[in-house]
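The values are calculated or read from the model by the stated rules, or taken from the named source; none is laboratory data. Not measured: the values here are computed from a predicted model. No Cβ is skipped: glycine too gets one built from the backbone with ideal geometry, and neighbour counts run over all protein chains shown. The accessibility values were calculated without ligands, DNA or RNA, using every heavy atom of the protein model including side chains. Shrake-Rupley method; radii C 1.70, N 1.55, O 1.52, S 1.80 Å.
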Amino acid sequence: MNEAGRSFTIAIDGPAASGKSTTARRVAAALDALHLNSGQLYRAIAWASLREGWIDDEDFDSRLRELPITLAAGDGRFELSVRGRDPGRELDAPEVVARVSDVSARASVREVVTDKLREAARGSRVVSDGRDVGTTVFPHASLKVFLTASARERARRRLLDYGHEPDPETIVREAAVLEARDRADSMRELSPLRRADDAIEIDTTRIPPDRVVERIVKLARQRSLGTGSY
Ligand code: CDP
């Protein structure tokens, strides 16, 4: 493989709704790489186990092992499929969001997801986002970024994302939901949400998305990653 096609992994972590997925998708496009969304896998397991009624069962781990989840390299991203279908926006349903942090705290779940992420990334150019991609999944990533923003701003963005009006009262309510999930994700024993020591932190509260993407692409280029133009 020539220098231009060299494989690499860029890891983008951060709290809920800090813009990781949008940023990762756009950075991947700019660098001719694939977006690998780790949160989507945790959501998919919460979604499937809720739908199929085994989320609280004793045999959760064996049901999980039998659940067919695949990631296929597609156009700019890895396409997720669970039992042969793409759950799409069903992964954003409030009942999935309400259970995803306890599902993702389970050792069996973390193992399955980590293996799938590593397998997908092998030999590819990948921009992955999540909570522990820079600390646990890809500790040797070529570039690590930790994105933050105030809870208020994250709540405002998430509401707009879902097509809701971000009025002051709704923002306060959404911010509380996001912060509760951040607490659960930061306090769990296995791979808690935290900035890797070698990650570059970017507070995006007052920075427009284009500038955040530009900054990460520039950092990537300084490390000679990717070939696309931006
Ligand atoms: O988009 P948002 O930041 O709200 O969430 P997400 O990235 O889709 O992640 C959903 C949930 O999956 C998080 O709240 C974590 O509980 C879990 N997660 C994780 O534990 N580790 C990751 N690398 C990614 C997500």
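Expressed as a whole percent, how much of the Cα-Cα distance distribution for the chain exceeds 30 Å?
Across the chain, Cα pairs with separations above 30 Å total 22 percent.
Between Thr148, Thr170, Thr23, where does the largest GNM mean-square fluctuation fall for the chain, given springs only between Cα atoms within less than 10 Å?
Top of the fluctuation ranking is Thr170.
Quick check for me: using +1 on Lys/Arg Cβ and -1 on Asp/Glu Cβ, what's the dipole size of the stretch 1-159 about its Cα centre, in debye to the nearest 20?
It comes to approximately 720 debye.
Simple spin-label model, 7 Å along Cα-to-Cβ: Asp198 to Arg51 in nm?
A separation of 3.9 nm, rounded to one decimal place.
Over the stretch 35-135, what percent of the accessible surface lies on carbon and sulfur atoms, probe 1.4 Å?
Using a 1.4 Å probe with all protein chains present, the stretch 35-135 comes out at 43 percent carbon and sulfur.
Rule-of-thumb check for the stretch 7-53: C-alpha Rg over 2.2 N^0.38 Å?
1.38
Cα-based Rg of the stretch 67-130 per 2.2 N^0.38 Å, rounded to two decimals?
Its radius of gyration relative to the 2.2 N^0.38 Å reference: 1.19.
Which loop GluC sites (Glu not before Pro) in the stretch 6-87, with loop taken from DSSP, have no more than 11 other Cβ atoms within 10 angstrom of their Cβ?
Hits after loop and neighbour filter: Glu58.
In the Gaussian network model of the chain, springs joining C-alpha atoms below 10 Å, which of Gly53, Gly130, Gly76 carries the largest mean-square fluctuation?
Gly53
If the stretch 98-195 were replaced by its equivalent ellipsoid, with semi-axes equal to the square roots of 5 times the Cα gyration tensor eigenvalues, what would those be, largest first, whole Å?
28, 16, 12
What Rg and what Dmax come out for the stretch 22-112 when only alpha-carbon atoms are used, in angstroms?
13.8, 45
In 10 Å bins starting at zero, report the fraction of Cα pairs in the stretch 160-228 per bin as a rounded %.
15, 29, 36, 19, 2
Taking the solvent-accessible surface of protein heavy atoms with a 1.4 Å probe, what is the per residue accessible area of the chain in Å²?
I get 50 Å² per residue for this part.
Hey, in the GNM for the chain with a 10 angstrom Cα cutoff, which one of Gly14, Gly163, Gly74 fluctuates hardest?
Looking only at Gly14, Gly163, Gly74, the largest GNM fluctuation is found for Gly163.
Out of the trypsin sites (Lys or Arg not before Pro) in the stretch 173-230, which ones are loop residues according to DSSP with at most 12 other C-beta atoms within 10 Å?
Passing sites in the stretch 173-230 are Arg206, Arg223.
Suppose we take every Cα in the stretch 128-175 and form the convex hull; what volume per residue is that in Å³?
Taking only Cα atoms, the stretch 128-175 has a hull volume of 82 Å³ per residue.
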